[in-house]
Amino acid sequence: MSKMLLTKSTTFIIGPVAVALGFIMNAIYLFLNNLFNIQNIGLCIILFTIVIYMLLMPLTIKQQKFSKLSAQMNPELQAIQKKYKGKQDQASMMKMNEETKTVYSKYGVSPMGSCLQLLIQMPILFALYKVIWNIPAYVGGIKDAFMPLVDKLLNNSAAQTFLTDIASKNQINFESAGYKAETIVDTLYKFKPDDWTNLAGKFPDLSSLITGTQDKVDHFNNFLGLNIADAPMSMLQAGIKTGAILVIIGAIAIPVLAGLTQWFNTKLMPQPDANGQGGTMASSMKTMNMIMPIMSAVFCLTLPAGMGLYWIAGAVIRSVQQIIVNKHMDSVDVEALISKNLEKQNKKREKMGLPPQKISNQAKLNVKNINEPVSHPSTRAKANVKKEMSEEDIKKSTEYYNQTANAKPGSIASKARMVQQYNEKNKK
């Protein structure tokens with residue numbers, strides 16, 4: 001196999017990850033080419049997306065489970081926030097943090113769990129874009145299709161002058177990157193149909209080689225009649241100009257499908273409670289769920305169609321994963337999950353030399369307390385009086401209260417006096 005291009009991403013962390021992902025993309029291309037004699041970048045991107053998401057599945061499912069559990073525990077977290085709303089003293093803040101940690105421990109998740117998974121996935125996602133954006137840099141078979149023409153253009157000063165303007169439009173600078181085989185391939189891969197026509201007209205002695213190279217590249221990039229190296233916007237303009245209905249339909253279908261699949265994916269994700277303190281969060285999530293599909297459609301309209309194909313395939317795979325996670329989580333016994341999490345927490349505490357905790361019981365008590373509405377101090381005093389009295393005390397004191405003529409019904413003071421009189425009577 002010929003030497004790979006040197007124009008791979010050199011970005012910190014993302015560059016090495018892109019090289020690893022490019023190795024996978026190249027392996028997929030060789031697999032299809034050697035076994036089925038298929039040279040199709042669109043199919044490679046779909047299979048590539050499936051492989052990558054399968055490798056990311058443990059992280060993705062963990063994140064989706066976190067989202068599913070968050071939907072169940074958010075009401076408890078919101079109730080805690082409501083309970084301590086407006087209280088800025090240190091004691092209240094410490095209690096709020098303690099109760100919040102208890103809820104997280106109860107469900108076996110970490111407040112930073114979702115963020116950590118996203119941080120791990122972000123370099124992978126950026127590297128994916130690098131690979132798909134510059135396929136010839138990572139797939140040797142695609143690069144080889146350009147090399148006969150590149151060898152002819154490499155030492156041609158007129159070709160360098162002609163290619164410089166096209167290269168600059170695609171963020172390729174010959175002065176900094178150098179006019180060499182790698183940058184010429186990068187430039188040719190970004191060629192539009194008109195660019196190929198102009199190149200053949202500029203160098204008629206190379207017209208047959210130029211046409212042959214264009215045919216090979218078009219064959220690689222053809223997916224369901226669309227050139228995945230072109231942006232749907234460019235396809236749409238060309239289709240309107242030439243009257244190609246199928247091209248117009250395909251150009252519209254890519255951004256529309258990208259937006260729809262993204263919208264469907266967000267609908268499958270657990271949504272925050274729109275009541276109480278969760279209203280702001282729910283409103284923000286609703287806005288994001290509306291914006292993201294629109295952004296997906298806009299991006300896929302202006303980026304190469306291969307990026308849109310990846311976007312659509314990724315959204316479909318995530319939706320399938322989310323459906324599986326939702327069904328699994330619906331069948332999960334939350335109490336059993338809490339018990340399992342408690343066991344894990346106690347093992348960690350044992351290693352640290354700490355006594356075991358009954359997290360689930362404490363969490364239940366916390367949830368019970370936080371779900372009680374915060375009331376006026378006098379009402380809390382009334383509740384405290386009731387807590388100090390047993391059921392038998394309440395029954396007897398109520399009978400005594402009914403015989404007390406001076407007691408004002410509903411008066412907190414009279415109820416407190418009632419208990420005092422009843423206790424004095426018992427002492428006597």
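The values are calculated or read from the model by the stated rules, or taken from the named source; none is laboratory data. All of these numbers come straight from a predicted model, not from anything done at the bench. For neighbour counting, all protein chains shown are included, and Cβ atoms are generated from backbone atoms with ideal geometry for every residue, glycine included. Areas reflect the complete protein model, heavy atoms only, side chains present, ligands, DNA and RNA absent. Shrake-Rupley method; radii C 1.70, N 1.55, O 1.52, S 1.80 Å.
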- Scanning the range 242-283 for residues that are within 23 Å of residue 323 (Cα to Cα) and not in a helix (DSSP H, G or I), the one modelled with the highest pLDDT turns out to be 269
- Query: For the subset of the range 24-57 comprising residues that are at pLDDT 90 or above, farther than 16 Å from residue 138 by Cα and outside any helix (DSSP H, G or I), which member is least open to solvent (accessible area, probe 1.4 Å)?
  - Reply: 38
- Task: Those residues that are crowded, with 16+ Cβ neighbours inside 10 Å, small (Gly, Ala, Ser) and closer than 22 Å to residue 336 by Cβ, I need them from the range 58-105; list them, please.
- Result: 67, 70, 105
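Give 145, 167 a once-over and let me know the one that is of a type outside the set (Lys, Arg), touching a helix residue (DSSP H, G or I) at 6+ places or on another chain (Cβ under 6 Å) and free of Cβ contacts under 8 Å to residues at least 24 places away in the same chain.
Values: 145 fails: free of Cβ contacts under 8 Å to residues at least 24 places away in the same chain.
So the residue among 145, 167 that is of a type outside the set (Lys, Arg), touching a helix residue (DSSP H, G or I) at 6+ places or on another chain (Cβ under 6 Å) and free of Cβ contacts under 8 Å to residues at least 24 places away in the same chain is 167.
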- Task: Residue by residue through the range 74-92, note down the ones that are of a type in the set (Gly, Ala, Ser) and touching a residue at least 12 places away in the same chain (Cβ under 8 Å).
- Result: 79
- Take residue 172 and decide whether it is assigned to a loop (DSSP other than H, G, I, E, B) and under 22 Å from residue 197 (Cβ atoms). yes
- Query: Checking residue 150 against (1) modelled with pLDDT of 90 or more; (2) at positive phi, which single condition isn't satisfied?
  - Reply: (2)
- Query: If you check 204, 193, which single one turns out to be over 38 Å from the mean Cα position of the chain (by Cα), surrounded by fewer than 16 Cβ atoms within 10 Å (Cβ to Cβ) and not polar (S, T, N, Q)?
  - Reply: 204
- Task: With respect to residue 108, determine if the residue is open to solvent by 30 Å² or more (accessible area, probe 1.4 Å), at pLDDT 75 or above, on the phi > 0 side of the Ramachandran plot and over 19 Å from the mean Cα position of the chain (by Cα).
- Result: no
- Task: Examine the range 128-144 for a residue that is part of a helix (DSSP H, G or I), surrounded by fewer than 18 Cβ atoms within 10 Å (Cβ to Cβ) and β-branched (Val, Ile, Thr), and state whether such a residue exists.
- Result: no
